[in-house]
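Here the structure is laid out as structure tokens; the discussion comes afterwards.
The values are calculated or read from the model by the stated rules, or taken from the named source; none is laboratory data. Treat the numbers as computed from the prediction; the structure is a model and nothing was measured. Ideal geometry is used to build each Cβ from the backbone, glycine not excepted, and the neighbour counts take in all protein chains shown. Ligands, DNA and RNA are excluded from the accessible area calculation, which covers all protein heavy atoms including side chains. Shrake-Rupley method; radii C 1.70, N 1.55, O 1.52, S 1.80 Å.
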Amino acid sequence: MSGIVGIINLDGAPVSRELLERMTSFMAYRGPDAQNIWIEGAVGFGHTLLVTTFESVNEHQPCSIDSQVWITADARVDGRADLIEQLQGKGCGVLENVTDGSLILHAYHVWGDNCVEHLIGDFAFAIWDRRQQRLFCARDQFGVKPFYYARVGNSLVFSNTLNCVRLHPDVSDKLNERAIGDFLLFDYNFHLDSTTFADIQRIPGGHTLTASQEGVVCQRYWTLPITEPIRYRRDEEYVEHFLELMRLAVGDRLRQERVGILMSGGLDSTTIAATALQLKSRHSIPLDLQAFTTVYDRLLPDEERYYSGIAAEALGLPIHYLVADDYQLFERWDRPELPRPEPIHSPLLALSVDQLKQVAAHSRVVLYGHGGDEVLATSRLMDVSKTMPLQHLIADVVNCILAHRIRPPIGIGIREAVEHWLGKQPKQPQQDSFPAWLNQSFTTRMNLQDRWLEVMEASPLTNHPSHPRAYNRLMAIGQIGLANSDPGVTAIPIERRLPFLDLRLINYLLAIPPLPWSITKYLARVAMRGTLPEIIRHRPKTPIGRAGDPIYLCLCRGDNPWSKFTATSTLWQYCEEKQVLQEVEEAQTGAWAAWRSLRPISLNYWLKYVANKPF
């Protein structure tokens, strides 16, 4: 997760070396292995290197292969062998150990802006093309790697580190109230092209940005495709293909001798761990894999220590536990290590930081099972009954019952089923409500009531013919803060890698029959037969909060963040003081009320941090 930064003076004025060096040096915490800058007149790039792959050991950026086109990149390119073969077929003499940044540069030389259509992996990069006097930037499909930019005066400033962009003297600290409104309503800014600062924008996942004398243009280059259905004659073929793609997805994300994995006792993370260890055994790759698990021993009835321990013992995997019982709400939020570049609603953030530090003591790379619930999302008859061909639906239901002894879940009750067949949309359960503590003037000025309804009543993104739930959840996944684990946010030099968000694996899982393979992650359970312990393989999905919500339980045991609450004057521009201070009683009524009630405190801590601007 190297640091990248660039300044383009569109009026032709020379880039300040002192400024670029200062902005590059600021990112040393996220790229401690090397720092370099490149300046050519009105264009300047900076790069701080974090070595996280075998190929990046000798990497030097910013770089060029012809002194005409230059790149600064934070990138891990997957499917390297296939990409190299394509490039060699186009006449490129690409070596197997070439760095990922150089691979992207070669791809740009061959395909121009369309190079992004040939790239998979996690990446954020900027290319200056001297021949065209044009900047070309791109962000990976799901937005795992961040990319921020600001058009101020005659300059365009960019970085994958938001606070680095703020260092430019022309970038103001003016806040973006639309983003603050979204945060107070939903925990996230759902305007994917903006940040909490009015001057700073972001490239959404799956988008490119070009900048020249003609202007700055951001446009989409990718959306999750609806692929042709795959139907095999033998059930074994579905499992074999899944295992093949899992090995590709996990193998591409190893590429480092020392690797950590955040491993609960659930199916997703243990499947990744088992696959990684199989690759180590079969291909004799150097791999020191260790597991890290957060557990509760007293606060709530947590079974993760038990199940993760069984999995670790069966796999022969060292495991480290971090006990979470004694962490308090908003613990250490007033210390320099916790503030984030943008507001974050995570009252137990200190726990997450300590786990990342625990992993970082072992490795710069950590595998994570995020995305497993989305790609293996349970399919229900009512989800696919109107879109799947009737003959396929009947055949799959019969196959589920007779061959696999699984009863396909209908998913809704009799009344809802009748409404479904009549074309009516069933009402969704309302877990949250419009906050009563929002400042009335702010609510009116930003039309927050309408914004609330817009997001809460939004229609599904698509009617995928066989996997509508999985498709819609995957398309929304970039809205839930994947980039919040980036070192530019955490200030901890560790790269999180997500095998279940591999595009090759996703395209396959969205193409196979949902019944029986997407029922309670049945495909993964069958694939892990003989690899994972039976108690892990058959363990049902544990919904968040079934064992008890830790935030709510912390409040019930006596944690009172309001007792240490000293509001900034800015907070009352967005919240009503009297209502916020009354929330201590409302928070005791349940987990969702507790979560909603604490949002003003999260925002207040961030506003204090911004006011101090400690850099």
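Side notes on the structure shown:
- By accessible area, using a 1.4 Å probe on protein heavy atoms only, the range 481-603 has 53% of its surface on carbon and sulfur.
- Averaged per residue, the chain has 43 square angstrom of accessible surface, using a 1.4 angstrom probe with ligands and nucleic acids left out.
- Computed over the chain, Cα set: Rg, Dmax in Å: 24.8, 73
- Here is the list for the range 11-99: GluC sites (Glu not before Pro) lying in DSSP coil, each with at most 11 other C-beta atoms within 10 angstrom of its C-beta, are E96.
- Relative contact order of the range 91-179, defined on C-alpha pairs under 8 angstrom at six or more residues apart (%): 15
- Sequence-separation-based contact order of the range 224-340, relative, with Cα cut under 8 Å and 6+ spacing, percent: 22
- Carbon/sulfur fraction of accessible area - the range 84-142, other protein chains in place, 1.4 Å, %: 41
- Karplus-derived 3J(HN,Hα), 6.51/-1.76/1.60, for each residue of the range 112-120, Hz, glycine and proline x: x, 4, 6, 4, 5, 6, 10, 9, 10
- Long-range amide H partners of S194 with built H, under 5 Å: R202
- Across the chain, the mean sequence separation of Cα contacts (distance under 8 Å, 6 or more residues apart), normalised by length, yields a relative contact order of 15 percent.
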